[in-house]
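S.K.: Mind looking over this structure? Questions follow.
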Amino acid sequence: MNQITHEGKLKHYRISQAEYEKICSMLGRPPEGVEWALFSALWSEHCSYKSSKIHLKKFGKTLNQTVVNAEGENAGVVDLGQGERVVFKMESHNHPSFIEPYQGAATGVGGILRDIFTMGARPIGLADYLCFGNIEADRMKTLVEGVVKGISGYGNSVGVPTVTGQTNFDPAYNKNILVNAMAVGLLRPNEKVSLSAAKGPGNCVVYVGAKTGKDGVHGAAMASESFDENSEAKKPNVQIGDPYFEKLLIESCFEVLQKNLVVAIQDMGAAGITSSSFEMSSKGQVGMMIQLDQVPVRDSSIQPEEILLSESQERMLLVCEPQKFSELSQVFEKWGLDAVIIGEVIAERKVKLYWKGHCLTSIDPDLLVEKAPVYERPYHAWKSQNQTEKIHSNLQPKDYISQLISYLGSTHGTARDYICSQYDQRVGLMTARGADHDVAILRLPDSKRGLGMTVGCRPSVMKCDAQLGGFDSVFYPALQMAAKGIKTLAITDCLNFGNPEKPEIMSEFVAAVEAIRDASLILDAPVVSGNVSFYNETLGQNIISTPATGLIGLRETVAQIPEDQFQKIGSQVYLLSSVSAKMLSPYFENKKSWIGKIEPQKTGQFIQKIQKLSLLTSVLSTQAVGRGGLGVSLARMCRPGFGFQSFIEMSVADLITETFYEVIFEVDHDAQHDFETKLKAENIDYKILGKVTERTFNLSQEIHVDLLRVNQAQNKGLGGFIENLA
Amino acid sequence: MKKIGVVRFPGSNCDRDVFQYVQDHQYQAEYLWHLDQFNIHDYEGIILPGGFSYGDYLRAGALSARSPVMKSVADFAQKGRPVLGICNGFQVLVETHILPGALVQNSGLKFIDGWVNLKFENQSTFWAQKESQKNIRLPIAHGEGRFYAPQAELEKIEDCGQVWLRYESNPNGSLNDIAGVLNRTKNVAGLMPHPERAYADWMGGIDGWSFL
């Protein structure tokens, strides 16, 4: 091979020279034919986690006795007790969504759902975590509309409610939006976890689901690259989803799993049939013989390499005993799906790929899976950033009011209503609290307990300091859950970062991972699954490092959950505090600085106390102080007929400070004494801020506004947002 | 125990919810598969649940309307027995012409999820019988829920007392704010809102309980 074609080949398959040399030494010869494609896919960042693996191992420490079957599977299974178990995971589909927003987002949902039901768990809830650029930026309206429509089109149709989520807007995402989706699946008592390790030489390897086409070829490698001005040309790499097929796949897979017809099962996700066959073999310490010409295809001109790399959606690979195949195929036939034997499990630890009688390769699956390269990318120990001695604001009271009103009506304030009104929130009959609430709560059908679900990570905090932001990605959503009486049980993450080959990005990555691990240890809520998305950069411009998280938790009942908004005229409004750090809200003061320090232990204890207090029946509504600071949080608790009257003078600086952490409690007036006794007993710092009133929104003598204006801003904002998009 | 049949098309996604709803009402629930006809004497009533039957390809409900099970449903309805279509089930009943009118894309061109206030206009001979209250609140979740009929047909629907439910505030552009209709004999009813999603306090409302 001459020099030019060799370099061209490396570039085409996105394999580095060093990796090429490693392949040659492992094989004892240069790679040939389809082997290039295999290494390209399975050694891609997307499939191999080569830059993140050594750091992700740190999450292993967080596992506790509630986590079962974590080893090597798509996600750890969290035991909720009483026979109920939960599987959940979050994944990114950033690159495809930026290129083709509808299909990119839709297939992101499809993919994460398959990750869940491949483990035998019925998906019961979805969440989205979205970061868009400035709404005025080029293509942004199309992206917002397309992404939301894609998630809604897919989730609604497969019949899984989208019950919570978060949306952020920042110019840092103008050229690289983030579309992360989390799916939660439930294993009811007596339902078995299904595994992906192939077993039993002589067993059939069965392909089920949609036919294979040329869509998504090289998708995994695409997701492992930065964007340039030619991104548009990558459109054919984006997969096309069909939620109808997914629904049939879900029902049929459950049926064969329940009938005990399956030895092992795995979805065909990134790198399609290649990753599923090699990973199933590697995990099961067996081999597989696969006849690629038996794979059902949409296009007869498709080549073996394309079959191997196709990311056509709604496909599963499973292993079944030969004598059970006919019963198994009858189930799939009933649901109108193909189930085709494409190979068999062999004892020899080789994956042998055949095409029309020719052996294309015979290769040890471990070389591609276990022995994939692992990189320790350079990074430096974290030094806190943007930490200052003092924060102060020059914002005048009268300007604050007008800025508050415009914030409430802005995309930051209202986009979520526009988005979640397009999601089916109640299909499945478990939704006790849907996406119109801070935290979603699903009622488990057997134990009748409440399963809390939420997502976290505030890019505005990450922008300040990656360590503070990393802790906050766990603590803030855990506090939001605690304020509804939910104890956080487990965490998943989706780590969206720029180019890991840049030490400053890698340093942020390591700082965030370690912060998430430490927060998880303090809350005794293990990190059970996750996903890494690197190379979120376009033309050298990195996104804000965004370690999105998903949390689940439990409360004993779904009765008497504190509401998000004020409930009773005359009740007392408290502010409960355990503040270790503060920053001015970037929505009001464009300064990137924070004061104080991170005190994880103290925060962990505060969260625990808040969770217990929130179970008191006298607590009518609660809200963790968040985006925009105390003023915005109080305004968000208002609704028509329920305003706020302050008892103390709050300064503009008090109102626009985002604190780590404070929670607002509305407590029944009659229970005031009891409540304060409890606060003192628990040793919690508190202030009585004011009371719930009928007409006004009054924060101080200078800062007040008619309640109607607050209500109008909230409503008008929603309409305005839609109009803007139209 | 009296039995209610719950029709299952590929792509139905409220089938399990309706099954549960039926069981919680102390009826025996039984799935009816789209490819099979059934003995109409075996059932007290039939419910067609929501979802995206056959992926809503062509038009919502259009393909399901041609499935074998619908022959039995039509027969059952013809005999004056109770049939209820919820959301996609309503679309299927309209596509089979067991119920009048058509359901087209929402005027806002988007899927909408939320709660709506509704008013009963006329009574069905079986569904939502026990309820004396006229105003109720139920969740909706649909992309193609805008009720439509040509003017003459619409007038006939109104004149014959076939309007079952009306929206208090129209979410989707339905003509005459129609949320649900009845057949002439009022044993068949269809509605876009989901009564099976609102029959316990924790669901956010209980007005759906009285539909069965």
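The values are calculated or read from the model by the stated rules, or taken from the named source; none is laboratory data. The structure presented is a predicted model; accordingly, all values stated were derived computationally and were not measured. Cβ sites come from the backbone with ideal geometry, for glycine too, and all protein chains shown count toward neighbours.
S.K.: Within region A:701-716, is even one residue under 26 Å from A:SER578 (Cα atoms) and not in a helix (DSSP H, G or I)?
M.R.: yes
S.K.: For residues in region A:309-351 being assigned to a loop (DSSP other than H, G, I, E, B) and away from chain B (no Cβ under 14 Å), which is surrounded by the most Cβ atoms within 10 Å (Cβ to Cβ)?
M.R.: A:GLU311
S.K.: Inside region A:402-493, counting only helices (runs of 4 or more DSSP H) that do not spill past its ends, which hold 2 or more residues that are under 27 Å from A:LEU56 (Cα atoms) and of a type outside the set (Gly, Ala, Ser)?
M.R.: So the answer is A:459-464, A:466-482.
S.K.: Consider A:ALA210 against the criteria (1) away from every other protein chain (no Cβ under 14 Å); (2) in contact with a Phe, Trp or Tyr (Cβ under 6 Å, 6 or more places away or on another chain); (3) modelled with pLDDT under 95: it satisfies all of them except one. Which criterion is unmet?
M.R.: It is condition (1) that A:ALA210 fails.
S.K.: Out of region A:587-611, which residues are closer than 15 Å to A:ASP524 by Cα and touching a helix residue (DSSP H, G or I) at 6+ places or on another chain (Cβ under 6 Å)?
M.R.: Listed by number, the residues that qualify are A:PRO600, A:THR603, A:GLY604, A:ILE607, A:GLN611.
S.K.: Still on this model: Checking A:TYR102 against (1) assigned to a helix (DSSP H, G or I); (2) modelled with pLDDT under 95, which test does it fail?
M.R.: (2)
S.K.: Scanning region A:535-563 for residues that are part of a loop (DSSP other than H, G, I, E, B) and touching a Ser or Thr at 6+ places or on another chain (Cβ under 6 Å), which turns out farthest from the other protein chains (Cβ to nearest Cβ)? Explain how you work it out, then say what you get.
M.R.: In the first step, residues of region A:535-563 are kept if they are part of a loop (DSSP other than H, G, I, E, B); the result is A:535-536, A:539-540, A:543-545, A:556-562.
The next check asks that each one be touching a Ser or Thr at 6+ places or on another chain (Cβ under 6 Å); those that pass are A:535, A:560, A:562.
Details: A:TYR535: 33, A:GLN560: 10, A:PRO562: 14 Å.
This residue is A:TYR535.
S.K.: Give region A:399-421 a look and list any residue that's out of contact with any Gly (no Cβ under 9 Å at 6 or more places or on another chain) and facing chain B (nearest Cβ under 8 Å), or say none.
M.R.: none
S.K.: Okay, moving on. Using the structure shown, decide if A:LEU80 is more than 30 Å from A:LEU143 (Cβ to Cβ) and either part of a helix (DSSP H, G or I) or touching a residue at least 12 places away in the same chain (Cβ under 8 Å) (or both).
M.R.: Spelling it out, A:LEU80 is indeed more than 30 Å from A:LEU143 (Cβ to Cβ) and either part of a helix (DSSP H, G or I) or touching a residue at least 12 places away in the same chain (Cβ under 8 Å) (or both).
S.K.: Something else: Evaluate the following for A:GLY185: is it more than 17 Å from the chain's Cα centre (by Cα) and either within 30 Å of A:PHE98 (Cα to Cα) or within 14 Å of chain B (Cβ to nearest Cβ) (or both)? Don't jump to the end; show me each part of the working.
M.R.: Details: more than 17 Å from the chain's Cα centre (by Cα): no; either within 30 Å of A:PHE98 (Cα to Cα) or within 14 Å of chain B (Cβ to nearest Cβ) (or both): yes.
No, not satisfied.
S.K.: Could you tell me whether region A:603-619 includes any residue that is touching a Gly at 6+ places or on another chain (Cβ under 8 Å), surrounded by fewer than 17 Cβ atoms within 10 Å (Cβ to Cβ) and within 29 Å of A:GLU389 (Cα to Cα)?
M.R.: No, there is no match, as no residue in region A:603-619 is touching a Gly at 6+ places or on another chain (Cβ under 8 Å), surrounded by fewer than 17 Cβ atoms within 10 Å (Cβ to Cβ) and within 29 Å of A:GLU389 (Cα to Cα).
S.K.: Could you list, in sequence order, all residues of region A:152-166 that are out of contact with any Gly (no Cβ under 6 Å at 6 or more places or on another chain) and either within 13 Å of A:ALA440 (Cβ to Cβ) or assigned to a strand (DSSP E or B) (or both)?
M.R.: A:VAL160, A:THR164, A:GLY165, A:GLN166 - these are the residues of region A:152-166 that are out of contact with any Gly (no Cβ under 6 Å at 6 or more places or on another chain) and either within 13 Å of A:ALA440 (Cβ to Cβ) or assigned to a strand (DSSP E or B) (or both).
S.K.: Please go through region B:162-209 and give me each residue that is in a helix (DSSP H, G or I), among the aliphatic types (A, V, I, L, M) and within 14 Å of chain A (Cβ to nearest Cβ), ordered by number.
M.R.: Listed by number, the list holds a single entry, B:MET203.
S.K.: Okay, moving on. Return the residues of region A:105-125 that are more than 20 Å from A:ASP424 (Cβ to Cβ) and in a loop (DSSP other than H, G, I, E, B); say none if nothing qualifies.
M.R.: Passing the criteria: A:THR118, A:MET119, A:GLY120.
S.K.: Would you check if B:ASP159 is surrounded by fewer than 18 Cβ atoms within 10 Å (Cβ to Cβ) and within 14 Å of chain A (Cβ to nearest Cβ)?
M.R.: No.
S.K.: Continuing with the same structure: Just to be sure before I move on: is A:LYS383 assigned to a loop (DSSP other than H, G, I, E, B), more than 21 Å from the chain's Cα centre (by Cα), more than 14 Å from every other protein chain (Cβ to nearest Cβ) and touching a residue at least 24 places away in the same chain (Cβ under 8 Å) in the structure I sent? Don't jump to the end; show me each part of the working.
M.R.: On the way: assigned to a loop (DSSP other than H, G, I, E, B): yes; more than 21 Å from the chain's Cα centre (by Cα): yes; more than 14 Å from every other protein chain (Cβ to nearest Cβ): yes; touching a residue at least 24 places away in the same chain (Cβ under 8 Å): no.
So A:LYS383 does not fit the description; no.
S.K.: Looking at A:PHE566, A:PHE475, which one is crowded, with 24+ Cβ neighbours inside 10 Å and either more than 29 Å from A:VAL87 (Cβ to Cβ) or at pLDDT below 95 (or both)? Steps first, please.
M.R.: Working: A:PHE475 fails: either more than 29 Å from A:VAL87 (Cβ to Cβ) or at pLDDT below 95 (or both).
So the residue among A:PHE566, A:PHE475 that is crowded, with 24+ Cβ neighbours inside 10 Å and either more than 29 Å from A:VAL87 (Cβ to Cβ) or at pLDDT below 95 (or both) is A:PHE566.
S.K.: Filter region A:639-653 down to the residues that are touching a Leu at 6+ places or on another chain (Cβ under 7 Å) and either surrounded by fewer than 17 Cβ atoms within 10 Å (Cβ to Cβ) or assigned to a strand (DSSP E or B) (or both) and list them by number.
M.R.: A:GLY643, A:PHE644, A:SER646, A:PHE647, A:ILE648
S.K.: Here's a follow-up. Being touching a residue at least 12 places away in the same chain (Cβ under 8 Å) and outside any helix (DSSP H, G or I) is the filter here, so list the residues in region A:5-28 that pass it.
M.R.: A:ARG14, A:ILE15
S.K.: Given the conditions (1) assigned to a helix (DSSP H, G or I); (2) under 22 Å from A:LEU451 (Cα atoms); (3) more than 11 Å from chain B (Cβ to nearest Cβ), report the number of the one that A:ASP128 does not fulfil.
M.R.: (1)
S.K.: Residues in region B:40-59 that are out of contact with any Ser or Thr (no Cβ under 8 Å at 6 or more places or on another chain) and either touching a residue at least 24 places away in the same chain (Cβ under 8 Å) or closer than 14 Å to B:GLY85 by Cβ (or both): how many?
M.R.: So the answer is 8.
Listed here are the residues, each with its yes/no results for (1) closer than 21 Å to A:GLN239 by Cα; (2) touching a strand residue (DSSP E or B) at 6+ places or on another chain (Cβ under 9 Å); (3) in contact (Cβ under 8 Å) with a residue 12 or more places away in the chain; (4) not β-branched (Val, Ile, Thr).
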site: A:GLY269; (1), (2), (3), (4): yes, yes, yes, yes
site: A:SER277; (1), (2), (3), (4): yes, yes, yes, yes
site: A:SER281; (1), (2), (3), (4): no, yes, yes, yes
site: A:GLY287; (1), (2), (3), (4): no, yes, yes, yes
site: A:GLN291; (1), (2), (3), (4): no, yes, yes, yes
site: A:ILE302; (1), (2), (3), (4): yes, yes, yes, no
site: A:GLU311; (1), (2), (3), (4): yes, no, yes, yes
site: A:GLU314; (1), (2), (3), (4): yes, yes, yes, yes
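S.K.: What about A:GLY626, is it closer than 20 Å to A:GLU563 by Cβ and under 31 Å from the mean Cα position of the chain (by Cα)?
M.R.: yes
S.K.: On to the next question. Would you check if there is a residue in region B:129-140 being farther than 30 Å from A:GLY146 by Cα, within 14 Å of chain A (Cβ to nearest Cβ) and surrounded by fewer than 18 Cβ atoms within 10 Å (Cβ to Cβ)?
M.R.: Checked region B:129-140: at least one residue is farther than 30 Å from A:GLY146 by Cα, within 14 Å of chain A (Cβ to nearest Cβ) and surrounded by fewer than 18 Cβ atoms within 10 Å (Cβ to Cβ).
S.K.: If A:HIS380 meets every condition in (1) surrounded by 17 or more Cβ atoms within 10 Å (Cβ to Cβ); (2) modelled with pLDDT of 95 or more apart from one, which number is that one?
M.R.: For A:HIS380, the failing item is (1).
S.K.: Would you confirm whether or not region A:251-258 contains a residue that is within 14 Å of chain B (Cβ to nearest Cβ), surrounded by fewer than 24 Cβ atoms within 10 Å (Cβ to Cβ), touching a Leu at 6+ places or on another chain (Cβ under 8 Å) and at pLDDT 95 or above?
M.R.: Taking every residue of region A:251-258 in turn, at least one turns out to be within 14 Å of chain B (Cβ to nearest Cβ), surrounded by fewer than 24 Cβ atoms within 10 Å (Cβ to Cβ), touching a Leu at 6+ places or on another chain (Cβ under 8 Å) and at pLDDT 95 or above.
S.K.: Here are some conditions: (1) away from every other protein chain (no Cβ under 14 Å); (2) crowded, with 21+ Cβ neighbours inside 10 Å; (3) touching a strand residue (DSSP E or B) at 6+ places or on another chain (Cβ under 6 Å); (4) of a type outside the set (S, T, N, Q). B:LEU212 meets all but one. Which one does it not meet?
M.R.: (3)
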